[in-house]
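Asker: I'd like to ask some things about the structure below.
Readers should treat all values here as calculations from the given coordinates under stated rules, not as data from a laboratory. For clarity, every value in this text was computed on a predicted model and none was experimentally measured. Using ideal geometry, Cβ is built from the backbone for each residue, glycine included, and neighbour counts are taken over all protein chains shown.
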Amino acid sequence: MLQHDVIIVGGGLAGSRAALEIKKQNPNIDVGLVAKTHPIRSHSVAAQGGIAASLKNVDPEDSWEAHAFDTVKGSDYLADQDAVEILTKEAPEVIIQLEHMGVLFSRLEDGRISQRAFGGHSHKRTCYAADKTGHAILHELVNNLRRNNVKIYDEWYVMELIFEENQAKGLVMYHIETGKLEVVRAKAVMFATGGYGRVFNTTSNDYASTGDGLAMTAAVGLPLEDMEFVQFHPTGLFPVGVLISEAVRGEGAYLRNSDGDRFMEKYAPKQMELAPRDITSRAITLEIRAGRGIKPDGSAGGNFVHLDLTHMGKEKIMSRVPFCWEEAERLVGVDAVVEPMPVRPTAHYSMGGIPVNTDGRVRKNGTELTEGFFAAGECACVSVHGANRLGSNSLLECIVFGRRTGMKIAEYVGGDRPFPNIEPQAYLDQAQTRIDQLLQQTGKTRLHDLKQRFQDTMSEHCSVFRTDEIMAAGIEQIQNLKAEYDNIFLDDKATHWNTELIEAMELQSILKVGEAILTSAYHREESRGAHSREDFPVRNDQEYLGHTLSFCSDEGVTIEYMPVVINRFEPKERKY
Ligand SMILES: Cc1cc2nc3c(=O)[nH]c(=O)nc-3n(C[C@H](O)[C@H](O)[C@H](O)COP(=O)(O)OP(=O)(O)OC[C@H]3O[C@@H](n4cnc5c(N)ncnc54)[C@H](O)[C@@H]3O)c2cc1C
């Protein structure tokens, strides 16, 4: 059996930042970090637009309080305001630390870090490295992991959380290259497993964003929080769904319908293209529904709108958003200097996740905590984004709460906390049986076929707009699809480098996560942030100003609610 004082699952911004903080607090703490990809290939690397902080380099009027207010208003008042205070107060400091680690941010003429406008932010506060911000930050963090003697297990797939007597004790993991299974025990386990965009058929997320950490947490009977709040980013490149960063609109691009009108005027007259994402995604969907979408031949009645950069000029496009230009050119053959890009909403971000307190400790329910179990980053719900995240607040969450959770883990592990006792053999046998079964199953359903039908169901039944009837039908379909899982077969029977086997396990994760999303959405009979019910179009603070906790079991999902922390900004109507 392997052992580390601390084992972290996930090598993205949250996991890497936490690992470095633990080492900084106490270099003698033995830290292991597992990732099913190489850490440099975590989805964080794809982040484009930037990371928010009230540095005041461009806008001296900015303040952490203004950043906090924008975040809470953007969240439709569902964010926990104590967590938002930590996020926004610590933001300037963590950015400077990143700079000192070697992150190459874009600069102003005088050498200070440059800052740009972003949706829902009332000041120019988004720091960036052109449109490759995630790449710039992640590379520095991962380099530093090696320098600080963090043991990295890359391309190991974590299959199970070992959780006994309300305590996280370790993991069961599978080496993708050799097919070897290992149990690793630890005094503290941290999940930083990222999002779950792959629940939907069109997403900006990478193939690894399958919500494994959430599924493993739910599998041991712990709740998931606010799963109904899924962010659909307004500008996914049509038809592939790949992200065109909000930075493009931050730098001045327009959204236009088939009449050539800047339709955001109707939906958010003040903020226009820089309204928050929930509002902009709904506006695009409504334009398309009203027949003002555009077809590939340029005529009306199609299912995308235009993102127009042509007035910005080649020099600005190539210096500020070169990667977005390249994506459109490479993937759909559009030269954005001279013609508009085709875009439509794409599943992008999960506001919900594993419920944690502001120290990153995982909750057992609305009132009690677990032992030895921590989470941060997109897989966690702390909750700084509530019902809708503002752009450039997620990288910030990963860094602020990654660091903070690292600090708290170092404290928790302390000098002499003993290792937990576990019996590894039973866990290894169970995992081997699961793998053997998947390899030997002789069912009739092709894995990819089942996955496609599931992703289509989620996109049709739980997308930008939702109703009771559509979601009830979706829940029923998911039940049937889950039952079909035992009937899949794999083409690849190899015991090593079997990516189909990994996909089969990931499918189990997205099935579980999808059911939690649909059921949580079905029970919330109001519209708030990204959760938009056509049958309940207004926000209902009387009944639903609370966080959803969903508990998954074989019988289905049960729902409870937990209070929101409101200590600074009283809920108001949200106007832009
Ligand atoms: C295209 C795109 C652009 C974005 N742009 C921005 C932006 O400009 N600004 C912003 O604030 N936010 C942005 N976001 C959101 C932001 O990038 C993410 O929320 C954030 O990077 C998530 O980081 P993370 O550390 O939580 O997880 P990730 O970076 O997703 O890392 C997850 C890690 O967990 C590992 N893992 C998962 N499951 C397992 C398993 N079963 N076994 C082993 N390892 C596992 C993976 O291998 C990976 O290392 C963007 C997102 C996308 C998709």
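Asker: From the cross-link list K23/K364; K73/K316; K270/K572, which pairs have alpha carbons spaced over 24 Å apart?
Answerer: Exceeds cut-off: K23/K364; K73/K316.
Asker: On a straight-distance basis, which lysines could pair with K493 in a cross-link, Cα separation under 21 angstrom, same-chain partners fewer than 8 positions away excluded?
Answerer: K36, K180, K444, K451
Asker: Now, a different point. Would you work out the relative contact order for segment 236-345, in percent, from Cα pairs under 8 angstrom that are 6 or more residues apart?
Answerer: Computed over segment 236-345, the figure is 32 percent.
Asker: Turning to a different aspect of this structure: Calculated FRET efficiency, D456 and E99, Cβ-Cβ r, R0 41 Å, to nearest 0.05?
Answerer: Plugging the Cβ-Cβ distance into 1/(1 + (r/R0)^6) gives 0.40.
Asker: Less than 12 Å apart at the alpha-carbon level, and either on another chain or at least 8 residues along: which aspartates and glutamates does that give for K187?
Answerer: Those aspartates and glutamates meeting the cut-off are D5, D30, E371, E411, D416.
Asker: So how strong a dipole does segment 236-345 carry about its Cα centre when Lys and Arg Cβ are +1 and Asp and Glu Cβ are -1, to the nearest 20 debye?
Answerer: Working: 15 positive and 16 negative charges, 73 e Å.
Dipole of segment 236-345, to the nearest 20 debye: 340 debye.
Asker: Would you calculate the separation in nanometres between label points at D261 and N421, each defined as 7 Å from the Cα along the Cα-to-beta-carbon direction?
Answerer: 7.3
Asker: Looking only at segment 124-157, which residues have a backbone nitrogen under 19 Å from a spot 7 Å from the Cα of D110 in the C-beta direction?
Answerer: Zone members listed by number: 124-128.
Asker: With labels modelled as points extended 7 Å from the Cα through the Cβ direction, what inter-label distance (nm, one decimal) is found for H311 paired with A290?
Answerer: 2.0
Asker: Where the centroid of each part is defined by its Cα atoms, how far is segment 306-334 from segment 172-231 in Å?
Answerer: For segment 306-334 versus segment 172-231, the Cα centre distance is 34 Å.
Asker: Follow-up question, since we're still on this one. Based on DSSP H runs of at least 4 residues, each adding -39500 (n - 2.57), what is the mean residue ellipticity at 222 nm of the chain after dividing by all its residues, to the nearest 500 deg cm²/dmol?
Answerer: One gets -11000 deg cm²/dmol as the mean residue ellipticity at 222 nm.
Asker: Please state the charge dipole magnitude for segment 424-542, taken about the Cα centre, from unit charges on C-beta atoms (+1 on K and R, -1 on D and E), reported in debye and rounded to the nearest 20. Numbers along the way, then the final one.
Answerer: On the way: 13 positive and 21 negative charges, 33 e Å.
Here segment 424-542 has a charge dipole of around 160 debye.
Asker: Report the charge-dipole magnitude of the chain in Debye, nearest 20, computed about the Cα centre from +1 at each Lys and Arg Cβ and -1 at each Asp and Glu Cβ.
Answerer: 1160
Asker: Counting alpha carbon pairs within less than 8 Å and at least 6 residues apart, what relative contact order, in whole percent, applies to the chain?
Answerer: Worked out over the chain, it gives 21 percent.
Asker: Please rank R453, R466, fewest neighbouring Cβ atoms within 10 Å first, as an exposure proxy.
Answerer: Working: R453 16, R466 23.
Listing R453, R466 from fewest to most nearby Cβ atoms yields R453, R466.
Asker: Which of I510, N388, Y174 sits farthest toward the positive end of the charge dipole of the chain, with +1 on the Cβ of Lys and Arg and -1 on the Cβ of Asp and Glu?
Answerer: The residue sitting farthest along the positive end of the dipole is N388.
Asker: Separate question: For R330 and E165 in the same chain, what is the full-extension length gain: residue separation times 0.36 nm, less their Cα-Cα distance, in nm?
Answerer: 54.2 nm
Asker: Could I ask something else about it? Report the FRET efficiency, 1/(1 + (r/R0)^6), for E555 and L428, where r is their Cβ-Cβ distance and R0 is 30 Å, rounded to 0.05.
Answerer: 0.60
Asker: Still on this structure: Using 1/(1 + (r/R0)^6) with R0 = 60 angstrom and r between the beta carbons of V338 and D468, what's the FRET efficiency to the nearest 0.05?
Answerer: So the FRET efficiency works out to roughly 0.85.
Asker: By average Cβ neighbour count within 10 Å, what is the ranking of 496-507, 184-195 from highest down?
Answerer: Values: 496-507: 18.0, 184-195: 28.8.
My ranking of the peptides, most packed first, is 184-195, 496-507.
Asker: Another question about this same structure. Can you put H100, H135 in order of Cβ neighbours within 10 angstrom, beginning with the fewest?
Answerer: H100, H135
Asker: Multiplying the sequence separation of T445 and N26 by 0.36 nm and subtracting their Cα-Cα distance, what value in nm do you get?
Answerer: 145.8 nm
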